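Okay, structure first, notes after.
The values are calculated or read from the model by the stated rules, or taken from the named source; none is laboratory data. It should be emphasised that the depicted structure is a prediction, and the values quoted were computed from it without experimental measurement. Here the Cβ positions follow ideal geometry from the backbone for every residue, glycine too, while neighbour counts run over all protein chains shown. To get the accessible areas, we keep the full protein, side chains included, count just its heavy atoms, and leave off ligands, DNA and RNA. Shrake-Rupley method; radii C 1.70, N 1.55, O 1.52, S 1.80 Å.
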Amino acid sequence: MNANRALIVDDEPDIRELLELTLGRMDIETRSAADLGAARELLATERFDLCLTDMRLPDGDGLDLVRHIQEQLPNLPVAVITAFGSMDTAVEALKAGAFDFISKPVNLNVLRNLINSVLKLTDDYHQRDRRSRDTLLGDSTAMRNIRSTIAKLSRSQAPVYIFGESGTGKELVAKLIHSKGPRADSPFVPVNCGAIPTELMESEFFGHKKGSFSGASADKAGLFQVAAGGTLFLDEVAELPLHMQVKLLRAIQEKAIRPVGAERELPTDVRILSATHKDLAELVASGAFRQDLYYRLNVIRLEVPPLRERSEDIPLLAAHCLKKIARQLDQPDLALSDGAMLALTHYTFLGNVRELENILERATTLCEGNTISQEDLQLPDTGTRQETVTEEPAGTDRPLEPGTVPLDTYMDNIEKDVLMKALEQTRYNKTAAAKKLGITFRALRYRLKKLGLE
């Protein structure tokens, strides 16, 4: 078996020697070059599994080498070594296609972690099943492009900013980027930034030491430590308060964190993926989000399209959802009538894939037999394309329209009304109510429990 081989490009002999010794102890053969010209000659004549290059070279820029490798050897991972505080340069390198970066003075633990991640790309990683169609469904051009982009992004450690409306599947995209990359065997840790109380954020993200504040009865690992070696997914990152944005920026730039009450920083090895349904650029313009953090997170931007822009994917998504629902309820396979399918493909999904799932779950409860009709869907008029919405006179007993309340709440309220009416008409006899609704007793119990009506 051939040993792994690395190309080191740096004009400082001391740095080259440090890198050669470190990689040599990891059983990696090394070749060195002091400038761009020598590096290009070695790349043209020899095989390498990774490349480490300084950004400042006598005859050019490390970015030139990154671009050259991207054009000539796109499967060769290249990491850049940047001067302390040169984060803008590191971001440019990542955008140009670099795998990752490391700052001077070189921290050997950080370097070894980086090297191990790189080697997974050239070792058993190339045998990993990179197909994602079974988990990110859709044959539309948009979804084919996203799957292709995910395959490319999985080979990098660059931060990715995933933008899209609520319910489009941003967390699923983040999971796929993680699971198809070299960190797949390490944790994927999602966190909803809007769900953590402000006073607990620093402890939650970075951990704390025993006795560091009232109630800290023991040491606690933060999310960065829990995700060590893996991926930290910051969902709804726009909800971070400004003081936490500053601390997050430092953690990303320095690849180190300081737990609350700790005397020194700890090196951290995580890939950062982030997402929000808000427009971060607008928040930056208004001063609600730090521009420097925005540039660090938005190294690569991936937009997930709303479902209404890929309606050709609805039949495939609906079939997948119905199979999952039938499996959960231990029922025979469910199907949509032609009229129901036509109605779904002409419906404007304000809540995207999540709304589609909710509609089908509710329709399963209401349908008689195993075929869902158009009436069972109970689609709100406001979601139908090319249909004029008329206001109801004051005092009408009509459910709130989507937009006046969160869409999930709106859908649940409709289903609760149907279930409660059936229970009231049968004097809360669940067996009789299930029969009246045309569903199994088990399905009724599942719906009642899901909606908090038990």
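Just to be sure before I move on: is Ile325 touching an Asp or Glu at 6+ places or on another chain (Cβ under 9 Å) and open to solvent by less than 30 Å² (accessible area, probe 1.4 Å) in the structure I sent? For Ile325, the condition - touching an Asp or Glu at 6+ places or on another chain (Cβ under 9 Å) and open to solvent by less than 30 Å² (accessible area, probe 1.4 Å) - is met.
For the stretch 417-436, the set of residues classified as within 20 Å of Glu357 (Cβ to Cβ) and open to solvent by 20 Å² or more (accessible area, probe 1.4 Å) consists of Asp417, Val418, listed by residue number.
Return yes when Thr426 is farther than 14 Å from Arg362 by Cα and at pLDDT below 70 and no when it is not. No, not satisfied. Note on the stretch 365-376: residues that are out of contact with any Cys (no Cβ under 9 Å at 6 or more places or on another chain), crowded, with 20+ Cβ neighbours inside 10 Å and at pLDDT 90 or above total 1. Looking across the stretch 338-376, just one residue is within 32 Å of the chain's Cα centre (by Cα) and at positive phi, and that is Asn352. Among strands (runs of 3 or more DSSP E) entirely within the stretch 10-105, having at least 1 residues that are within 28 Å of the chain's Cα centre (by Cα) singles out 50-54, 78-82, 100-103. So, Gly167, is that one assigned to a helix (DSSP H, G or I) and over 10 Å from the mean Cα position of the chain (by Cα) or not? When the stated conditions are applied, Gly167 does not pass them. For Asp412, the test of being among the acidic types (Asp, Glu), modelled with pLDDT under 80 and exposed (fewer than 12 other Cβ atoms within 10 Å of the Cβ) is failed.
Residues that are among the hydrophobic types (A, V, I, L, M, F, W, C) and either open to solvent by 50 Å² or more (accessible area, probe 1.4 Å) or outside any loop (DSSP other than H, G, I, E, B) (or both) were ranked within the stretch 289-306; the one that is nearest to Leu94 (Cα to Cα) is Ile300. Applying the condition of being open to solvent by less than 10 Å² (accessible area, probe 1.4 Å) and closer than 22 Å to Val78 by Cα to the stretch 170-182 and asking which residue is nearest to the chain's Cα centre (by Cα) yields Ile177. Listed by first and then second residue, the pairs with beta-carbon distance under 7 Å, at least 6 apart or on different chains, first residue in the stretch 34-48 and under 21 Å from Asn4 (Cβ atoms), second open to solvent by 40 Å² or more (accessible area, probe 1.4 Å) and assigned to a loop (DSSP other than H, G, I, E, B), are Leu43/Leu73. Of all residues in the stretch 197-216, none satisfies being in contact (Cβ under 8 Å) with a residue 60 or more places away in the chain and touching a helix residue (DSSP H, G or I) at 6+ places or on another chain (Cβ under 8 Å). If you take the residues in the stretch 235-244 that are without any contact (Cβ under 8 Å) to a residue 60 or more places away in the chain and buried (at least 18 other Cβ atoms within 10 Å of the Cβ), which one is farthest from the chain's Cα centre (by Cα)? It comes out as Met244.
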